[in-house]
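The values are calculated or read from the model by the stated rules, or taken from the named source; none is laboratory data. Computed from a predicted model, the values in this text were never measured in an experiment. As a convention, Cβ positions derive from the backbone with ideal geometry for all residues, glycine included, and neighbour counts pool all protein chains shown.
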Amino acid sequence: MTDTDIQLMFCGSAGDGTIAVGDIFKRAMAKAGYKVIAFDIYPPEIRGFGKCISRVRVTSRQAYSLKQQSDVLVSLNDSYAIPHVTEIRDFGSVIYDQAPIAPMAEGEHISGHLLPGQLPYGLRIREISDQTTGGSKSKNIVALGYLAGLYGIKGDPFHQIIQEKFQHKDPSISETNLRAFDTSYDEGASTFRLDFIELGTPERQDVGNKVQMMTGNAAVVRGCLDAGLNNFFGYPITPATSIMESLATELPRRGGRIVQTEDEISAIAATIGAGYAGTRAATATSGPGLALMIEMLGLGVMAEVPSVIFCSQRGGPSTGMPTKTEQSDLHLAVYGGAGDAQRIVLAPTNVEGAYKCAGKAFEMAEKYQTPVIVLLDLYLSNRYETVVLPRQNPFEADSSKYRSHLERGVAYNRFALTEDNISPRTIPGEEGGIHTITGLEHNEMGRPNDQIHSKMSEKRHNKLLQAFDHPGITIHKRFGGEGKVDVGILGWGSTFGEIFEAMLMAQAEGINCSAMKVVMLSPLPSQPIKEFFSDCGEILIPELNYEGQFANLVASAVSQPFTRLNRVPGVPMQVEDILNQIRHLADRVKSPTAA
Amino acid sequence: MGNLRQPVYLEEKLEQVRESGRLNIRSKSLPTWCPGCGYFSIVDGVTMAINHLQIHQKDVTVVSGIGCASRFPFFLDTYGFHTLHGRTLPVATGIKVANDALTVLAIGGDGDAFAIGGAHIPHAARRNVDITYLVFDNGIYGLTKGQTSPTSVLGFTTSTSPYENQDRPLNPLLMMLSYDTSWIGQSYAGDPRHLSDMITQAIAHRGFSYLHILSPCVTFDKTSKTYSNLKAQVQLLPDDHDSSDKIAAIKHAMDVDNPPIGLFYKENRPTLSDNLDLIVDKARGRNARA
Amino acid sequence: MASTEHYVIIGNGVAGNEAACHLRQRDPESRITIITAGRLLFYSRYELPRVFHESCDWRDFLVNPIEYYVKNRINVRRNSFVTHVDAHRKTLNLAHKEEISYSQLLVASGGASYLPAELSDFAPLLNHFNLYSAACKVRDILPSKGKIVMLGGDVLGLDLARNLLKEGYKIILVATEQTFWPHRVDSDERALFLGALRDMGVEVIEEVKIEQIQEGAPGMSARHVIFDDGREIFADVVMPFLGLLPAADFMMGSGVDFERGLLVSTNLRTTDQNIWAAGDVCQIWSSQENQYRFYYGWKNVKKMGEIAARNMTGDDILWETATDHKMYLDENKQIISPYWEHD
């Protein structure tokens, strides 16, 4: 069976339905049983104008990064697509409108910009749209039909998705669009194909409800709902807003409550308030919002109140680059705040991981009575992946350590020092459990007290170490070569997708290498990292920030030297970039003197 | 006020207090306030109100910020959350959203409320969160040993205004009226009966109730809002004041020389929780309740 | 030479590409654009019969590697159709409504398969072999040891035929006056060559006209050919090889003189001073014969490309009338056409 791996790129203006057609394509491919990863780029300003790009990679085995070069470019607007022609590989294809409506000057048509190795597929896109629908609005559907016909992809899933897409509109709109699709599908099917792009049969035909396609933010929402989120408080900020937007619809359907607060400070304050009152509560933000939340997060640490904070990172510092991706809030998430403010920080590496981390964050917050930050980034938040969700809800409905019956009637100490450093908890309304919590250092009873600071600091630190063994979540994992290897790549967050691809490519070149992802950044699982270091001749830590924030974290845990790879282009790291570093390090292991 | 002049016998009084049961609501921790501080009478007022309304202690949560006033939760035997400077209201909102059954009191001083916490007040008010906000206004920062506050009068000399305060004081009542607060009252720590009555009314109100409590700082303010000054200035709202007349309330609120005490304004409208329930109904496709 | 020159070449065959190569050498700073209707870079049509006996794709037919175009900055605009040339404004229009300006234009668009009017009704049932895609199509529909009816049999057809015979396919040649085109053969030579074809294993049918070509019944051979004498043949493919006609319809209305092909003087310039022509599309003035005439074959066409390029860049080289290439039989009695020779 052929291993399918093709990447398409739709490029046009917002008015061309660029994102919409990318969406239909990826949904249809997922429906057909392929694995999909996709990422859309919108104009930074309001919609309706500007360039839109939708990239979709279709594979038989789930991929976790987009390829540097796409196989096919579909231009719905040549002036926007022309600069991206160079992103199409040799012998890849460019599909474009052969019959635009207006005369144009030399150089304005994409056909004049193709590189020698690329294959042109001009289609009368506008004409076919006009003929089948009576207007040019369905140019995107025409291009889609041609594409599907050209590559021999079955039309049924496309029909279903197109019908779903237009189900709330006049039935004639669905019909004309299907006609447009079919007409150009036939045209594509009868076109002699010259490229070398093959679509194998998808692995599994039995696509049940389990397999879904969703973005990282949608996975967070799903994880929250499956974990029984009760209350959500948020303030809009790119790229986290869609979490709140989805919850605004979904949470009340399940009887939950959501409030758009006046700022991020209120959002985290209310989240902690609700956590104190005993519900599962969360907020979502980005770096600038997390910066505002940090003081309140410290209160959550000191007063030992559960809370969950999702932070989707973007380019920083300050307002930075709201629509560009980066991994530069790690220092803030792990260290931010006054005093020794130990907290749990989780960073999923893909969409499925975002679901897992989201749900598990609530268990951990309750069980260890602490704020839990889940760090995503713009790329992970917005990209689509096909994910397999467990049929059984994998999350515990209540993980709190409450007072046992035996303890009832005895004077209650909210911050009692216990063997596992976790104090039994009561919530307001509970008989006999009355207590006051505070951001002041306090004794076991919760009364302000400076004498006990050492002991309480130790309690707050040690209780979190149990999270290393928290059931049902992978907090670190090694991939690729077992035992001793020449090169090890250590990574976190969405960049691990590119790391994983680079590792596979390096292995294919015969380089003995291995990759390890670290999902829990705080507390840091130092022991497994040390073990990984001792197995690897050279270590590479690629991440999307300038300072090497994860590398700094690792440097505090291990003494061996390693190599950093830091990039801040605002877009995902290039797999080739990582691969080159792996090659370089592999050479160094082979001939140490050359280094 | 006339009652104060009648002789009070300590033993009789103690018996009366014990019988009321309100001492149970006091915690065993001794207040850290200076002797003579107006806040003592506020604790009494709160315990009397809770007692009077027959609310179970376990169902009361007192949320405070940072400052002398915000030490309040430690001195009550109820659930309490001593939070951050200025963040009383959003935390209290979160608690109320999480559990409607709780009686939530938010407590802060004038600095906590109107300096660092000012941005949260209009939003708690417009959402009509069903909490009772007690602001203890002494016109000074006491816990940090005497600096000007947003309600300090012009010309007030403190450690941070050695050449006299030049910033105009805020008028909290006018602000609260403009924020559409659904219950607004003012009281005075020197009149415990009035105070406990106002606290009782404020807690009983369904919605966001704001009680402004004038209270002297006996340690750092010897000139401005002293017991003797306030006693001479404070006056009762006229008997004929209509608490549904916002214009009249605004006029009274503007009288800063002789601050009136009593209920300024009151209206009944859906609370945040009512609206969140409505949203749940809408989301579930049920008919919106009348 | 001014570096702002834009040389536009219409046609992506031997003449056009040879010209592009010389233009680049002689004017390193200029812009060079080749416009072609096809989707592929320049490939060798002479090699197309290889599709039958090798596992190969079009990359194996490319004359120049991709890097050649990058290095020499030759922009090959594929899948582009010239609709009009305006000699006065020195512009040309493409079907997708883009207008392109040139300083010098070389028309080297070659020839298209000739199909007489009486066969045009059957066009959808005929297969060609002029393009990579057409060749692949024939390969894909021909069953093993399948049967091909070849109409006419010009030198291109005969080249294919001798290759197909080696692969075990069956060839039925319907002889017409275009058989052996462009060789001019007298009746003796014709009989000799047809005999040689029969000896090679080709079934030759003479003196008949096509009455009807039909799609075969399901499960039968795909094509059903009926002749005017009542004979019928079942075959898998019917392919016309009836010579070429100049493909330069787009030059109509350009103001350039035109007969069957573009008329050029011996320096390959048309009647417009900025428009040149080379290859199968042009008729060159022959003072010897006192007429404009065509010259075919790889060698001639290549030479024309070079001359046009040199003259476009300031030389004044004249086309020397070549003697006609003759078809002959080798020592094994095999037909040989000099037109089959190529690099």
Can you find even one residue in region B:45-53 that is touching a residue at least 24 places away in the same chain (Cβ under 8 Å) and either facing another protein chain (nearest Cβ under 9 Å) or among the aromatic types (F, W, Y) (or both)?
no
Test result for A:T386, outside any loop (DSSP other than H, G, I, E, B) and of a type in the set (V, I, T):
yes
Might you check whether a residue that is touching a helix residue (DSSP H, G or I) at 6+ places or on another chain (Cβ under 6 Å) and charged (D, E, K, R) occurs anywhere in region A:442-455?
no
For A:G223, only one of the following conditions fails: (1) touching a strand residue (DSSP E or B) at 6+ places or on another chain (Cβ under 7 Å); (2) surrounded by 24 or more Cβ atoms within 10 Å (Cβ to Cβ). What is its number?
(1)
Determine which member of the set B:V60, B:V43, B:V8, B:V104 is modelled with pLDDT of 95 or more and either touching a Phe, Trp or Tyr at 6+ places or on another chain (Cβ under 8 Å) or surrounded by fewer than 16 Cβ atoms within 10 Å (Cβ to Cβ) (or both).
B:V60
When region C:255-275 is checked residue by residue, the ones that are in a strand (DSSP E or B) and of a type in the set (A, V, I, L, M, F, W, C) are C:F258, C:L262, C:L263, C:V264, C:I275
Pairs please, first residue from region B:109-122 and touching a residue at least 12 places away in the same chain (Cβ under 8 Å), second anywhere and among the hydrophobic types (A, V, I, L, M, F, W, C) and assigned to a helix (DSSP H, G or I), Cβ atoms under 6 Å, 6+ apart in sequence or on different chains.
B:G109/B:A69; B:H120/B:L89
A:T279 facing chain B (nearest Cβ under 7 Å) and touching a helix residue (DSSP H, G or I) at 6+ places or on another chain (Cβ under 7 Å):
yes
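Let's see how each residue does on (1) assigned to a loop (DSSP other than H, G, I, E, B); (2) farther than 13 Å from A:E304 by Cα; (3) touching a helix residue (DSSP H, G or I) at 6+ places or on another chain (Cβ under 6 Å):
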{"residue": "A:S328", "(1), (2), (3)": "yes, yes, no"}
{"residue": "A:A333", "(1), (2), (3)": "no, yes, no"}
{"residue": "A:V345", "(1), (2), (3)": "no, yes, yes"}
{"residue": "A:A354", "(1), (2), (3)": "no, yes, yes"}
{"residue": "A:G359", "(1), (2), (3)": "no, yes, yes"}
{"residue": "A:M364", "(1), (2), (3)": "no, no, yes"}
{"residue": "A:L375", "(1), (2), (3)": "no, yes, yes"}
Within region A:235-249, which residues are more than 8 Å from chain B (Cβ to nearest Cβ) and in a helix (DSSP H, G or I)?
A:T241, A:S242, A:I243, A:M244, A:E245, A:S246, A:L247, A:A248
How about region B:245-288: which of its residues are polar (S, T, N, Q) and over 28 Å from B:A232 (Cα atoms)?
B:N268, B:T271, B:S273, B:N275, B:N287
A:I582: passes all of (1) part of a helix (DSSP H, G or I); (2) surrounded by fewer than 22 Cβ atoms within 10 Å (Cβ to Cβ); (3) touching a residue at least 12 places away in the same chain (Cβ under 8 Å) but (2)
Does A:S399 satisfy the condition of being touching a helix residue (DSSP H, G or I) at 6+ places or on another chain (Cβ under 7 Å) and in a helix (DSSP H, G or I)?
no
For region B:129-152, enumerate the residues that are in contact with a His (Cβ under 9 Å, 6 or more places away or on another chain) and surrounded by fewer than 24 Cβ atoms within 10 Å (Cβ to Cβ).
B:D130
Complete set of residues in region B:146-166 that are under 16 Å from B:G111 (Cβ atoms) and either charged (D, E, K, R) or assigned to a loop (DSSP other than H, G, I, E, B) (or both):
B:G146, B:S149, B:P150, B:T151, B:S152, B:V153, B:F156, B:S159, B:T160, B:N165
Residue count, region A:73-111, condition more than 10 Å from chain C (Cβ to nearest Cβ) and in a helix (DSSP H, G or I), comes to 9
Could you list, in sequence order, all residues of region B:1-34 that are part of a loop (DSSP other than H, G, I, E, B) and touching a residue at least 60 places away in the same chain (Cβ under 8 Å)?
B:M1, B:C34
Go through (1) more than 14 Å from every other protein chain (Cβ to nearest Cβ); (2) closer than 27 Å to C:D229 by Cα; (3) touching a Ser or Thr at 6+ places or on another chain (Cβ under 8 Å); (4) in a loop (DSSP other than H, G, I, E, B) one by one and return the number of the condition C:L115 breaks.
(3)
Of the residues that make up region A:287-309, is at least one among the hydroxyl-bearing types (S, T, Y), in contact (Cβ under 8 Å) with a residue 40 or more places away in the chain and at the interface with chain B (Cβ under 8 Å from one of its Cβ atoms)?
no
Is there any pair with a first residue in region A:476-496 that is touching a residue at least 60 places away in the same chain (Cβ under 8 Å) and a second that is in a strand (DSSP E or B) and of a type in the set (F, W, Y) whose Cβ atoms are under 9 Å apart and which are 6 or more apart or on different chains, and what are they?
none
Whether any residue in region A:266-274 is of a type outside the set (V, I, T) and either within 23 Å of A:L378 (Cα to Cα) or touching a His at 6+ places or on another chain (Cβ under 7 Å) (or both) is what I want to check.
yes
In this structure, is A:R383 buried (at least 20 other Cβ atoms within 10 Å of the Cβ) and of a type in the set (K, R)?
yes
For C:R31, work out the one condition from (1) within 14 Å of another protein chain (Cβ to nearest Cβ); (2) closer than 23 Å to C:G279 by Cβ; (3) in contact with a helix residue (DSSP H, G or I) (Cβ under 7 Å, 6 or more places away or on another chain) it doesn't fulfil.
(3)
Residues to consider are C:I213, C:I275; find the one that is buried (at least 19 other Cβ atoms within 10 Å of the Cβ) and in contact with a His (Cβ under 9 Å, 6 or more places away or on another chain).
C:I213
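Listed here are the residues, each with its yes/no results for (1) more than 24 Å from A:R280 (Cβ to Cβ); (2) more than 11 Å from every other protein chain (Cβ to nearest Cβ); (3) touching a residue at least 40 places away in the same chain (Cβ under 8 Å).
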site	(1), (2), (3)
A:V410	yes, yes, no
A:N413	yes, yes, no
A:A416	no, yes, no
A:E419	yes, yes, no
A:M445	yes, no, no
A:D450	yes, yes, no
A:L465	no, yes, yes
If you scan region A:327-355, which residues turn out to be within 12 Å of the chain's Cα centre (by Cα) and not hydrophobic (A, V, I, L, M, F, W, C)?
A:Q327, A:P348, A:T349, A:N350, A:E352, A:G353, A:Y355
Picked from region C:137-161 (must be surrounded by fewer than 18 Cβ atoms within 10 Å (Cβ to Cβ) and within 21 Å of the chain's Cα centre (by Cα)), the residue nearest to C:L41 (Cα to Cα) is C:K137
May I ask you to say which residue of A:A227, A:A269, A:A274 is in contact (Cβ under 8 Å) with a residue 24 or more places away in the chain, within 8 Å of chain B (Cβ to nearest Cβ) and under 17 Å from A:A397 (Cα atoms)?
A:A274
